[in-house]
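Taking it in order: structure first as structure tokens, then the write-up.
The values are calculated or read from the model by the stated rules, or taken from the named source; none is laboratory data. What you are looking at is a predicted structure, and each value in this text was computed from that prediction instead of being measured. We place every Cβ from the backbone using ideal geometry, glycine too, and count neighbours over all the protein chains shown. Heads up: the accessible areas ignore ligands, DNA and RNA and are worked out on the full protein's heavy atoms, side chains in. Shrake-Rupley method; radii C 1.70, N 1.55, O 1.52, S 1.80 Å.
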Amino acid sequence: MKFKILIVDDEIEIINTLTRYLELDEHYEIDSVTDPAKALEKVNRDKVHIVLTDIMMPGMNGIELLEKIRVIDGLSQVIMMTAFSTIDRVVECLEKGANDYILKPFDDLAEVQNIIDVTAAKLERWKEVLESYKNGKE
Amino acid sequence: MTNAVKSLVINNYVETLLFDLFSAMPIGVVIYDREGKVIFLNATMEERWGLVYSEVAMSNLLDLEIYPANADLNRAFTEATHGQKTLGIELEVERHDGRVYWINTSIIPLQKDRDSWYGVLFEQDISTIAVEKKAVEEDLKDREKLLIEQDKLAAVGQLAAGIAHELNTPTTYVRGNMQTFAKYAEILKDLTEQLQDDNVIEKEHILTKMNNIIDNVKEISNSSFDGTSRIMKIISSMKSFVKTASTKNEQVNIFLTIQDAIMLVYNRIKHIGRITINGHVFSPETSINPEEDAIIVKGSATRLTQLFIILLNNAIDAWIENQNKDHENINLDFIINKKSKFVSVGLNDNGGGIPTELREKIFEPFFTTKATTTGTGLGLSIAKQIAGEHGGTITCSEIKNGTCFMFRIPRTV
């Protein structure tokens, strides 16, 4: 299964850094936006498995994006990216349904990859249950 | 006694009284006629001027050259005498023998009758008072300097979190890029080994992968270079700001000081709006070419950066307090104009404006409209001080939905 990952950050260089590293893994298809509103359109329109989003962004911030994603798709995995100075906002995110968090600057991109791998593995496991539930309903 | 006699007696009595009074006064007294000739000189003045009345009686006061170096005093005397005006003047004088002291002089022409008049000159030695006054003024200047430095340190503290965040972003992607480089190196090594295998089937595919990686390497290299440049810019702005403002006689490029100030507050604004300089949107990645756009003034780069930081923070605070229902983004626009004799720097904001009755008060120390936990009320008063130190001015006026703070400073080039 190929997992669609959507990266949301107003800093294009952060997006580029993550994209170049993560796309080396063939299991992932990487998409990205700098505008949180466009991220919401994509989540609404396409099947996005994992959203990796910054918290501090102009217009809609990451927490507002998280809340709106939860309305559209309760199963989409949302991982918050945050600087240490906004760590208190991470707690708020976890309470509002974020699935994990990553601290910036990234100490090691391999750790970022690891968090995504764990999340993807979780989705893979859920897939079986969800498909059998769906088949049962039909 | 007839009225005429009574009048004569009284006049004589008053004249004697005045004579005794002027003679005994600890203030120097000179009485001169309409031509400026000395009629009377009291003992205090004799001692101060080093003269004896009998030697200078009926000499022209100006010819005595008591203070030959003080043209202002001589001019004032001539003006008072010819123009029949009363003048008061306080100044430091140098006597003909080199002695220096401070005097307070009053020159009072008095008309006795239509054809004759005379003048009275009072001179008080205020050297002690002047010295004390000077000491107080210097103490005040030292305190003002201390206040400006303290405000600067407070600003550094307040800006530190934002600056740390600004440094975080380029650090994140430069570090991430280095790790990607390492991974690319492993992949290229692996692909190279595959290519060396004579039995390899997907040679084209491998070569395509290698070329993609090499293209990415170039992009990563550029991105990392830009990232470190961004870090260097932030550090340079900080260094320029925190160094002790030693002299006010540097050649300062106004554009650079404005850019430094924006860099240091950028984190406060980047998520809520934008800043422009003469219509160009500011971005940490781009900088104005200092040679093309240099506008040079004489002063202290540190102080001027501090002034612009104060104006920026003030505008941002105003916008935050007055956020309108439509959640309009903050827009801060620097308009820099080069005139023949001065430079004007206007900062327009959309922070809701300042009531007319407060537009002078906001420059007073400790006046603030912000909640006490955030505002000390010193910012704009310090900005005004810094402007004054540079021979400039700072004013505010109303614009649509906001305020314009205008800073004017004399040009050197």
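In this rough spin-label picture, where each label sits 7 Å from Cα along the Cβ direction, the B:Ser23-B:Asp226 distance is 9.4 nm.
With n ≥ 4 as the cut-off for DSSP H runs, can you work out [θ] at 222 nm for chain A, using -39500 (n - 2.57) per run divided by the number of residues, rounded to the nearest 500?
-16500 deg cm²/dmol
Among B:Ala315, B:Ala185, B:Ala71, the residue with the largest mean-square fluctuation in a Gaussian network model of chain B, with springs joining Cα atoms closer than 10 Å, is B:Ala71.
Backbone amide hydrogens, once placed in the peptide plane, bring A:Met57 within less than 5 Å of A:Gly62, excluding anything fewer than 5 places away on its chain. Amide H to amide H, with H built 1.01 Å from N, B:Gly273 comes under 5 Å of B:Ile330, counting only residues 5 or more places away or on other chains.
Electrostatic tally near B:Met58: other residues with Cβ closer than 14 Å to its Cβ, Lys and Arg +1, Asp and Glu -1, net -2.
Per the Kirkwood formula on distinct C-alpha pairs, the Rh of chain B is how many angstrom? Mind dumping the intermediate values first?
Numbers: mean 1/r = 0.0356 Å⁻¹.
Taking every pair of different Cα atoms in chain B, averaging 1/r and inverting gives 28.1 Å.
Here chain A has 51 percent of its accessible surface on carbon and sulfur atoms, given a 1.4 Å probe and all protein chains in place. Computed 3J(HN,Hα) for the range B:343-355, one whole-Hz value per residue from the Karplus formula 6.51 cos²θ - 1.76 cosθ + 1.60 where θ = phi - 60°, is 10, 10, 10, x, 10, 9, 10, 10, x, x, x, 10, x, glycine and proline marked x.
Distance from the Cα centroid of the range B:1-57 to that of the range B:313-361 is 64 Å (rounded to whole angstrom). In this simple spin-label model, placing a label point 7 Å from the Cα along the Cα-to-Cβ direction at both A:Asp35 and B:Asp63 gives a separation of 9.2 nm.
How big, in percent, is the set of alpha carbon pairs in the range B:1-140 lying more than 19 Å apart? Mind dumping the intermediate values first?
Numbers: 5550 of 9730 pairs.
The calculated P(r) of the range B:1-140 puts 57 percent of pairs beyond 19 Å.
Helical runs (DSSP H, four residues minimum) scored at -39500 (n - 2.57) apiece and divided by the length of chain B put the mean residue ellipticity at 222 nm at -17500 deg cm²/dmol.
Peptide packing: for B:133-144, B:35-46, the average count of neighbouring Cβ atoms within 10 Å per residue gives the ranking B:35-46, B:133-144, highest mean first. Entry for chain A at q = 0.11, 0.17 Å⁻¹: log10 I(q)/I(0) = -0.37, -0.90, Debye formula applied to identical alpha-carbon scatterers, no solvent contribution. Other residues lying with their Cβ under 12 Å from the Cβ of B:Arg143 contribute a combined charge of -4, Lys and Arg counting +1, Asp and Glu -1.
Residues considered: B:Ile129, B:Ile254, B:Ile148. Largest GNM mean-square fluctuation over chain B, using C-alpha springs under 10 Å, is found at B:Ile129.
Neighbours of B:Ala69, meaning other residues whose beta-carbon lies under 11 angstrom from its beta-carbon, give a summed charge of -3 when Lys and Arg score +1 and Asp and Glu score -1.
Between B:Glu132 and B:His271, what FRET efficiency comes out of the Förster formula 1/(1 + (r/R0)^6) with R0 = 60 Å and r the beta carbon distance, rounded to 0.05? With a Förster radius of 60 Å, E is 0.65. Length gained on full extension, B:Tyr13 to B:Asp142, computed as 0.36 nm times the residue gap minus the Cα-Cα distance: 40.9 nm.
Comparing B:Ile220, B:Ile27, B:Ile316 in a Gaussian network model of chain B, where Cα atoms under 10 Å apart are tied by springs, the biggest mean-square fluctuation is seen for B:Ile27.
Remark: the range A:115-120, residue by residue, has Karplus-estimated 3J(HN,Hα) of 4, 5, 4, 4, 5, 5 Hz, where x stands for each Gly or Pro and the curve is 6.51 cos²θ - 1.76 cosθ + 1.60 at θ = phi - 60°. The residue list B:Thr44, B:Leu18, B:Gly28 was ranked by how far each Cα lies along the charge dipole of the range B:12-114 toward its positive end, using unit charges on Cβ atoms, and B:Leu18 comes out on top. In the protein assembly as shown, inverting the average of 1/r over every pair of distinct C-alpha atoms gives 30.5 Å as the Kirkwood radius. Placing pseudo-labels 7 Å out from each Cα toward the beta carbon at B:Met406 and A:Glu26 gives an inter-label distance of 6.9 nm. Of all DSSP-defined beta bridges confined to chain B, some 90% are antiparallel rather than parallel. Computed with the Debye formula from one identical point scatterer per Cα of the range B:27-93, without solvent, the log10 of I(q)/I(0) at q = 0.11, 0.15, 0.21, 0.29 Å⁻¹ comes to -0.24, -0.47, -0.96, -1.52.
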